[in-house]
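Below is one structure; the comments refer to it alone.
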Amino acid sequence: MRPEGQRLEALAERLRGVDPVLPSPAGKIRGWNLVAAAVEHSAARRPRGRPAWRLTLAAAAAGVLLALGAVSASANSLPDSPFYPIKGALEQVRGDLAFSPSDRLGFHLDLAQARLTEAEAMIARHRIDLADQALVSMDEQFQEAADVVAAERRAGPALAADLQHRLQQAIESHDRQLAGLQGEVSNPTAQQAIVRARDRAAQVLEGVANNAGNGNPGGNAAGKSQGQGQAQGSGKGSPTAHPTPKK
Amino acid sequence: MARAASDDDRLLIERVRQGDQDAARTLYERYFDRIYNYVYARLGRVEDAEDLAIDTMTRSLTRLDLFHDQGVAFSSWVYRIAHNATIDHYRRQGRVILVSLEHATLPESSDPSELALQQLSNEELREALRQLTDEQQQVLILRFFQDLTAVQVGEIIGKSVGAVQALQHRALASLERALQGKAMQ
């Protein structure tokens with residue numbers, strides 16, 4: 001019997017000799033078409049970097065803009081932008097105009113997506129504190145959405161089931177995005193913030209599922225009991241709909 | 001498989017950030033085959049390997065803003081994303097896909113302790129490799145299938161060179177045991 005070192009070296013050599021498995025040409029072309037579309041879409045919606053002098057100029061110009069102009073400028077603002085509080089006010093108005101349960105659920109899920117996008121942008125800009133706040137706000141929106149589902153259970157179980165399905169899909173989709181993000185960031189604080197966000201969202205999901213299983217119409221699912229959200233009632237007018245960073 | 005110069009990658013990355021599709025195409029061509037090969041070695045299914053390789057390249061080329069704070073080579077970052085996509089795939093499946101070693105047995109030899117390695121097919125070796133732990137698979141695939149150095153592997157899996165070498169030794173020993181164990185049955 002050969003010594004271990006020699007045997008393992010032979011095994012290593014054999015592994016080196018394994019031919020690579022290559023994708024089919026058709027698969028590679030399909031891949032490029034998908035990647036190219038994603039790259040194009042990403043480039044179109046990516047917020048442009050703003051050097052400090054441009055930010056200063058923008059802030060000075062904002063001072064002479066009419067309120068409408070400021071409102072318009074806030075639409076895609078991020079948590080580190082001076083326009084961000086206006087974005088929150090606009091979201092508040094939009095929430096006030098969402099009357100049906102389906103609209104209210106959609107409203108909260110849209111806000112959750114917006115918070116996740118903001119968190120990603122803040123991580124990219126090394127503003128982990130603001131990213132963490134955005135992720136907390138994201139989970140608060142999920143909790144608000146869960147409250148909408150719970151409230152609807154009393155009035156219309158069929159619609160409630162549909163709403164619950166939408167909420168579950170949204171949380172699962174966000175979790176996949178967060179899992180990807182978690183693998184891409186190297187900052188331990190950012191990673192911890194993402195892990196906490198995923199845990200909170202999982203608790204909301206669990207609370208919704210438990211309520212459905214128990215036939216419990218009450219909306220006080222897990223997230224609130226953890227003391228992580230300030231959500232109250234079924235959403236409209238909630239302070240958590242406002243994306244202003246908490247200091 | 002040719003290894004890309006990291007400086008060249010950097011230029012291309014800057015161009016992709018500015019929306020240059022040709023630069024994205026160059027990076028895609030540079031890394032897609034390698035990532036496909038890596039994922040296939042992990043999963044063993046052509047369909048999954050194709051989907052995850054595409055997913056990895058999509059994430060890599062659309063999330064370049066996040067690449068800023070990595071402090072590692074772009075290639076290492078792409079492999080990390082591929083690894084996480086693989087783990088996520090396992091999680092979504094709700095189970096770890098283990099391929100039976102039934103067909104990965106070593107041919108019988110007059111000396112049962114000596115591996116008749118050359119008689120093993122490449123696929124049999126890959127199947128045996130998939131029986132190892134996640135870290136062991138990663139190290140052997142990156143070192144021997146992807147032809148990366150211990151330094152590069154360390155950068156990808158977040159370990160020192162010494163730890164990678166120790167892990168590689170244990171992984172080879174585990175692989176040998178797995179193959180021998182089946183051969184002796």
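The values are calculated or read from the model by the stated rules, or taken from the named source; none is laboratory data. Quick caveat: nothing in here was measured; it's all calculated off a predicted structure. Here the Cβ positions follow ideal geometry from the backbone for every residue, glycine too, while neighbour counts run over all protein chains shown.
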#### Entry: Flag if A:I123 is in a helix (DSSP H, G or I) and under 17 Å from A:A193 (Cα atoms)
yes
### Task
Considering each residue of region B:145-169, count those that are at pLDDT below 95 and within 10 Å of chain A (Cβ to nearest Cβ), and give that number.
4
### Output for region A:88-128, where each listed residue is in contact (Cβ under 8 Å) with a residue 12 or more places away in the chain, among the charged types (D, E, K, R) and more than 14 Å from every other protein chain (Cβ to nearest Cβ)
A:E91, A:R94, A:D96, A:R104, A:R115
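A quick yes/no check of all residues on (1) at pLDDT 90 or above; (2) surrounded by fewer than 23 Cβ atoms within 10 Å (Cβ to Cβ); (3) within 7 Å of another protein chain (Cβ to nearest Cβ); (4) over 18 Å from the mean Cα position of the chain (by Cα):
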{"position": "B:R10", "(1), (2), (3), (4)": "no, yes, no, yes"}
{"position": "B:R15", "(1), (2), (3), (4)": "yes, yes, no, yes"}
{"position": "B:A23", "(1), (2), (3), (4)": "yes, yes, no, yes"}
{"position": "B:I35", "(1), (2), (3), (4)": "yes, no, no, no"}
{"position": "B:Y38", "(1), (2), (3), (4)": "yes, no, no, no"}
{"position": "B:R42", "(1), (2), (3), (4)": "yes, no, no, no"}
{"position": "B:I54", "(1), (2), (3), (4)": "yes, no, yes, no"}
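Is it the case, given these coordinates, that A:H108 is out of contact with any Phe, Trp or Tyr (no Cβ under 6 Å at 6 or more places or on another chain) and not in a helix (DSSP H, G or I)?
no
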### Matching residues in region A:5-39 - criterion: being at the interface with another protein chain (Cβ under 7 Å from one of its Cβ atoms) and of a type in the set (D, E, K, R)
A:R7, A:R14, A:R16, A:D19, A:K28
### Query
All but one of (1) modelled with pLDDT under 50; (2) in a helix (DSSP H, G or I) hold for B:S113; which doesn't?
(2)
